[in-house]
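What follows is a short report on a single structure.
We did not get these values from a lab; they are worked out from the coordinates using the rules stated. If you're wondering where the values come from, they're calculated on a predicted model, not measured in any experiment. Every residue, glycine among them, receives a Cβ derived from its backbone with ideal geometry; neighbour counts consider all protein chains shown.
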């Protein structure tokens, strides 16, 4: 039947479920390790990473949301928690009175740098060490193909 959508096979659904469940287990384990080792959540680390890579350690709030793939309301609530802990501060955006700039505080930079080695060790132990070099390359190929496919839609 032309134009009819073909549903995934039983095998494809099993692979899909394995992929989703393994990815969730991995995310949970890495997040738990990060929090246990450093006190930072994965959300904190994601925001701090983006800010350390940004020019001047600052991002417009809406641009930061786009850069890390979060909805603006989620980011706003998370930034409030980070601001109360002295990791970031919000400043009024001089270019746009409606916007805010998120600025990395020295304590946030310090927390990020202190968390980097433990986080990378967790990635090594929980992801890289579980796979062969060929599987790591294949995982990269899969991730790249999925990202391309999803951004093209």
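Restricted to region 57-87, and to residues that are without any contact (Cβ under 8 Å) to a residue 40 or more places away in the chain and touching a strand residue (DSSP E or B) at 6+ places or on another chain (Cβ under 8 Å), which residue is surrounded by the most Cβ atoms within 10 Å (Cβ to Cβ)? Of everything passing the filter in region 57-87, 82 is surrounded by the most Cβ atoms within 10 Å (Cβ to Cβ). When residues in region 90-100 are screened for being under 19 Å from residue 112 (Cα atoms) and surrounded by 17 or more Cβ atoms within 10 Å (Cβ to Cβ), 0 of them pass.
Does residue 130 satisfy being in contact (Cβ under 8 Å) with a residue 40 or more places away in the chain and surrounded by 11 or more Cβ atoms within 10 Å (Cβ to Cβ)? Considered against the rule, which asks whether it is in contact (Cβ under 8 Å) with a residue 40 or more places away in the chain and surrounded by 11 or more Cβ atoms within 10 Å (Cβ to Cβ), residue 130 comes out as no. For region 102-118, the condition holds for at least one residue, the condition being that it is out of contact with any strand residue (DSSP E or B) (no Cβ under 8 Å at 6 or more places or on another chain), in contact (Cβ under 8 Å) with a residue 40 or more places away in the chain and under 27 Å from residue 138 (Cα atoms).
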